[in-house]
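Contents: one structure, followed by commentary.
The values are calculated or read from the model by the stated rules, or taken from the named source; none is laboratory data. No experiment lies behind these values; they were computed from the predicted model shown. Note that each Cβ is placed from the backbone with ideal geometry, even for glycine, and that neighbours are counted across all protein chains shown.
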Amino acid sequence: MHNVIIIGSGCAGLTAAIYAGRANLKPLVLDGHEPGGQLSLTTHVENYPGFPDGIMGPELIENMRKQAKKFGAEFKAGAVTEVEVSKRPFKIIAGKDTYEAQALIVAAGASARLLGLEGEKELIGHGVSTCATCDGYFFRGKPIAVVGGGDSAMEEANFLSRYASKVHLIHRRNEFRASKIMIDRARANEKVEFVTPAIVDEILAPQGHVEGVRIRNPQTKELGTIPLDGVFVAIGHDPNTIIFKGKLEMDSNGYLLAKHGSLTAVPGVFIAGDVQDHRYRQAVTAAGSGCMAAIDAEKFLEEHKH
Ligand code: NAP
């Protein structure tokens, strides 16, 4: 029986573990299928406060992990396959292992969707990115592409135009899912060139870093190549919440909904990080919400001691 189990070991989960650890709760952290979360997929992090020279994402995560361990957090590998939150103690099942806890912090994160192209995953940090705020700065004066046709793609195209010499906005249709105001803003930006309808068939990286993309017009079948240094994939995120369907409240996109702060409608279950945030998605906001969840869990356990 654990006081508190934290599902997820990204920035939110690890911050929750540090706080719960320091509150003497001996939290158990279940790593999940992407240990370290999205920070472990990025390279240089320059906007996390306290690191004027920046820090590598994996190093930042490793530091948080060490810090959590120092305060008594325990870690177990494995992805959670089932949860029972209808009564306490809650039951958390990860493959063959079953755990019980009085409080649960869900910090399972969201995974950025990728295009599914060969070599794409391996090129993250070498020209492929899923986070404009994290990586835009590295493409100063260089041509890049943003792939997608939603608000994220428009926002990222505009944001990246501050750094890049040119932004090719590649979308598979001529119609956009993005709101009109966001499209207008991108269209008014002279550095942004709309490339539609176009499907990215291949990311060209013969030397191990992005040098271009091969595109195809799905209507005319015409093929083309765009030389560029970076590809920002902005085709949406999927929160890792499937196991909570019907158990915790979520919006139509699967993001968990908090009642207040980190509190859910189920007393004793708290949420933190990208699993409940499709707006900010920053390491520092995830850390902040992890802290909130741990403090809320601590208060809950104190109030329900008997
Ligand atoms: P989204 O609205 O779901 O748009 C995803 C885009 O990616 C769509 O244009 C889609 O094309 C395209 N796409 C999906 N899979 C693809 C694939 N395999 N290959 C190529 N293209 C693919 O996602 P989002 O832009 O991340 O936005 C998510 C939510 O956050 C939305 O509700 C959005 O309004 C909100 N948001 C708001 C703001 C803001 O207001 N400032 C900023 C960012 C996000 P199709 O259209 O052809 O399906």
Can you spot a residue in the stretch 161-169 that is over 24 Å from residue 204 (Cα atoms), more than 10 Å from the ligand (Cβ to nearest atom) and out of contact with any strand residue (DSSP E or B) (no Cβ under 7 Å at 6 or more places or on another chain)? yes
Which condition number does residue 102 fail, the rest of (1) among the polar types (S, T, N, Q); (2) in the same structural domain as residue 276 (by TED's automatic domain parsing); (3) within 16 Å of the ligand (Cβ to nearest atom) being met? (3)
Among what's in the stretch 131-148 and is over 19 Å from the mean Cα position of the chain (by Cα) and of a type in the set (Gly, Ala, Ser), pick the residue that is farthest from the ligand (Cβ to nearest atom). 141
Do any strands (runs of 3 or more DSSP E) lying entirely in the stretch 166-259 carry at least 3 residues that are modelled with pLDDT of 95 or more and not hydrophobic (A, V, I, L, M, F, W, C), and which ones are they? 212-216, 223-227
Residue check, residue 45 under 23 Å from residue 135 (Cβ atoms), surrounded by 16 or more Cβ atoms within 10 Å (Cβ to Cβ) and of a type in the set (A, V, I, L, M, F, W, C): yes
